[in-house]
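Participant: One structure, pasted below without further comment.
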Amino acid sequence: MSMIENVVDIEQYKVTKEPYYEAVGGEIELYTSAYDVRMPMMIKGPTGCGKSRFVEHMAWKLGKPLITVACNEDMTASDLVGRFLLDKDGTKWQDGPLTTAARIGAICYLDEIVEARQDTTVVIHPLTDHRRTLPLDKKGELIAAHPDFQLVISYNPGYQSLMKDLKQSTKQRFGGLDFDYPEEKIEINIVAKESGVDEKIAEKLVHIAQRARNLKGHGLDEGISTRLLVYSGQLIAQGVSPLAACSMTMVTPLTDDPDMRDTLHAAVETFFG
Ligand SMILES: Nc1ncnc2c1ncn2[C@@H]1O[C@H](COP(=O)(O)OP(=O)(O)OP(=O)(O)O)[C@@H](O)[C@H]1O
Ligand SMILES: [Mg+2]
């Protein structure tokens, strides 16, 4: 095995430019305090409400590298921890993203953690209690996490079944922050800044979303996200007509149900008709 097997370029994980993030409550201070004691954190909230942007912003603010892993049900513990690979010189150990993060002292962000199977999820247990270690069983190595290492997970509490929930023994290793779509004024500000439309148009977009959000559980699985409002604004800023922009971003992706589409179109026309 070569000596340079685990040399990683930390620079590639640094967040060099400030990710624009509009605080909605005390979340920046709360997260900072949690980071100060290296508390593992769980960020909960609906899709497109700012969870990932917040984590990127915090990594930048704290000056720590960020390693993000999109979790899915096919993911195995080896995908997180690492595996032996075969190359021309024989076998070579390749660290997984969790191992790299633990070694270099990164913030490791496991996105949509509930998608992962429970036998995958348990590999984070020794890293998220007083031990702060990661056993690489196949390699016979026990890593002590770098003092700067922190684990952050996100999940959307809306759409998982009982089968797909985290075990209590996993949940109770984390502090949690609840996220939701920002309150009106802040969301208008975000949409205007992110998309380039003026405040008046941003306000209309937010008002349409507020109406549609009332349909959650009454035919819609999820409300219109802040992300989709930004999409709308971006199209409008490109010169697309508001009706077409809203239809593309706030109706078509959301539902296939013709009645629900009519309802959403009607809401759009109330503001842009
Ligand atoms: N507080 C905020 N400040 C700045 N931008 C925001 C904020 N909240 C949402 N946004 C905007 O909404 C978009 C979507 O946010 P983000 O990608 O963080 O969502 P998410 O909660 O991670 O969603 P998912 O669960 O689908 O991954 C961002 O790209 C950004 O444009
Ligand atoms: Mg995200």
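The values are calculated or read from the model by the stated rules, or taken from the named source; none is laboratory data. Keep in mind it's a predicted model, so treat the numbers as computed, not measured. Using ideal geometry, Cβ is built from the backbone for each residue, glycine included, and neighbour counts are taken over all protein chains shown. Ligands, DNA and RNA are stripped out before the accessible areas are found, and what is left, the full protein with its side chains, is counted by its heavy atoms. Shrake-Rupley method; radii C 1.70, N 1.55, O 1.52, S 1.80 Å.
Participant: Would you mind getting the accessible area per residue of the chain, heavy atoms of the protein chains only, 1.4 Å probe, in Å²?
Facilitator: That works out to 51 Å² per residue.
Participant: With charges only on Cβ, +1 for K and R and -1 for D and E, what is the dipole size of the chain about its Cα centre, in debye, rounded to 20?
Facilitator: 600
Participant: Which residues' amide hydrogens lie under 5 Å from the amide hydrogen of W93, considering only partners 5 or more residues apart or on another chain, with H built in the peptide plane?
Facilitator: Correct list: L85.
Participant: Also: Nearest 500 deg cm²/dmol is fine: what mean residue ellipticity at 222 nm does the chain get from its DSSP H runs of n ≥ 4 alone, each adding -39,500 (n - 2.57), divided by its residue count?
Facilitator: Taking each H run of at least 4 residues, the total per residue is -10500 deg cm²/dmol.
Participant: Suppose accessible area is computed on protein heavy atoms with a 1.4 Å probe; arrange Y13, Y31 from highest to lowest.
Facilitator: The ordering from most to least exposed comes out as Y13, Y31.
Participant: Still on this model: When the expected Rg is taken as 2.2 N^0.38 Å, what fraction or multiple of it is the alpha-carbon Rg of region 125-273?
Facilitator: The reported ratio for this selection is 1.43.
Participant: Angle check, please: helix 27-36 long axis (alpha carbons) against the longest principal axis of the chain (alpha carbons), in degrees 0 to 90, nearest 10.
Facilitator: Result, in degrees: 0.
Participant: What does the accessible area of T121 come to, in Å² to the nearest 10, when a probe of 1.4 Å is used?
Facilitator: 10
Participant: If one computes P(r) from the Cα atoms of the chain, what percent of pairs lie at distances over 23 Å?
Facilitator: Above the 23 Å cut-off, the chain has 59 percent of its Cα pairs.
Participant: Can you tell which of V197, P258, L235 lies farthest toward the positive end of the dipole of region 184-272, using +1 and -1 charges on the Cβ of basic and acidic side chains (Lys, Arg; Asp, Glu)?
Facilitator: Ranked along the dipole, the leading option is V197.
Participant: Rounded to the nearest 10 Å², what accessible area does E199 have for a 1.4 Å probe in the complete protein model?
Facilitator: 110
Participant: What's the angle, to the nearest 10 degrees (0 to 90), between helix 199-213's Cα axis and the longest principal axis of the chain?
Facilitator: It is inclined by approximately 80 degrees.
Participant: Sticking with this structure for a sec: Can you tally the lysine pairs in region 32-128 where the Cα-Cα distance is under 27 Å and the two residues are eight or more apart, or on different chains?
Facilitator: Lysine pairs, 8 or more places apart or on different chains, close enough: 4.
Participant: Take the solvent-accessible surface of the protein heavy atoms, probe 1.4 Å, and return the percent of it on the chain that carbon and sulfur atoms account for.
Facilitator: 52
Participant: What accessible area, in Å² to the nearest ten, does a 1.4 Å probe give for V8?
Facilitator: Roughly 60 Å² of V8 is accessible to a 1.4 Å probe.
Participant: Roughly what would the spin-label model give for E141 and M39, points 7 Å off Cα along C-beta, in nm?
Facilitator: Taking the two extended label points, one gets 3.2 nm.
Participant: For helix 258-272, report the angle its Cα long axis makes with the longest principal axis of the Cα atoms of the chain; keep it between 0 and 90° and round to the nearest 10°.
Facilitator: Tilt relative to the chain: about 70 degrees.
Participant: How many percent of DSSP beta bridges within the chain run antiparallel, rounded to 5?
Facilitator: About 35 percent, rounded to the nearest 5.
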